[in-house]
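Contents: one structure, followed by commentary.
The values are calculated or read from the model by the stated rules, or taken from the named source; none is laboratory data. The structure presented is a predicted model; accordingly, all values stated were derived computationally and were not measured. Cβ: placed from backbone, ideal geometry, glycine included. Neighbour counts: every protein chain shown. These area figures cover heavy atoms from the full protein model, side chains too; ligands, DNA and RNA do not enter into them. Shrake-Rupley method; radii C 1.70, N 1.55, O 1.52, S 1.80 Å.
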Amino acid sequence: MALYGVYIIAPYAHEPRSWSALATAVLLVYGSVLLHGAAAMPSPGFSITLPLTAGSPPATKRAGAALLVVAVLLSLWTAGGTTVTLGGDLLRSDRVAIFLSALLLAVFGGGSLAKAATDPVRAEVESMQDGPEKTKALDFMSGSKNIGLLERGLLFAFVAAGQPEAAALVLAAKSLARVPTNDHGKHASEYFLIGTLASVIASLAMGMAARSAVGLPVL
């Protein structure tokens, strides 16, 4: 990673902050390895012994935390002024406020819409007699919250960026990864379809509203 970083910053080698940025990246990676344990990292197929990794776990974690602190301080020196300026510009931007508000409404407000739309299906499943179909349907429904948040966020991002056709990729990926099977029963299929449509409606509506508010074409 360090060698690749040197290759990337070579055109800017005369600027001290480019080397500072590389050092920050190396410290972040190394500190993370020490903090979480080198054993948890993917093996490259051969043994590598890094400094500070041979000590006791508590000492290794302390060294990792110290390196992360140094990396944060170094990053503040490297890009602190630019970050503050950019952050101030973003905070004062009406467009950012509009798109951020619309995103939150799409993700969390859309979640409330999806919940309200799918509650009748869930209630019908919960009223069923105990059995494999009920258990599998409830198991399928229980894993949808986080997926729905990510789905609405991505859908909104594509619509807001003026790329609604790319939103179809999100729906296709969700269908491939989470489409209910015959074992889940018809209630799971209804739950999946209704929840997906509610998420699409919320994301599409808020994305179009945000674009219209800042003077862009709705799609």
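Ligands, DNA and RNA left out, the accessible area of the chain computed with a 1.4 Å probe is 70% carbon and sulfur.
Computed from Cα positions, the angle between helix 57-92 and the longest principal axis of the chain comes to roughly 70 degrees.
Take the Cβ atoms of Leu138 and Val29, set R0 to 41 Å, and the FRET efficiency comes out at 0.45. Taking a ≥ b ≥ c as the square roots of the eigenvalues of the Cα gyration tensor, the range 67-120 is classed as oblate, since a/c reaches at least 1.5 and a/b does not exceed b/c.
Its Cα centre serving as origin, the chain has a Cβ charge dipole (Lys and Arg +1, Asp and Glu -1) of approximately 420 debye. When the P(r) of the range 100-219 is calculated, the portion above 17 Å amounts to 55% of the C-alpha pairs. Helical content alone sets the calculated 222 nm signal of the chain at -25000 deg cm²/dmol, taking -39,500 (n - 2.57) per DSSP H segment of four or more residues and averaging over every residue. Sorting the segments 127-137, 202-212 by their mean number of nearby beta carbons within 10 angstrom, highest to lowest, gives 202-212, 127-137.
Computed over the alpha-carbon pairs of the range 52-158, the distance histogram in 5 Å steps reads 2, 9, 10, 10, 9, 9, 11, 11, 10, 9, 7, 3, 0 percent, short to long.
With a cut-off of 11 Å, note down the residues of the range 186-210 whose backbone N falls inside the zone around a label point 7 Å from the Cα of Ser101 toward its beta carbon. What the label zone holds, given the 11 Å backbone N cut-off, is 210.
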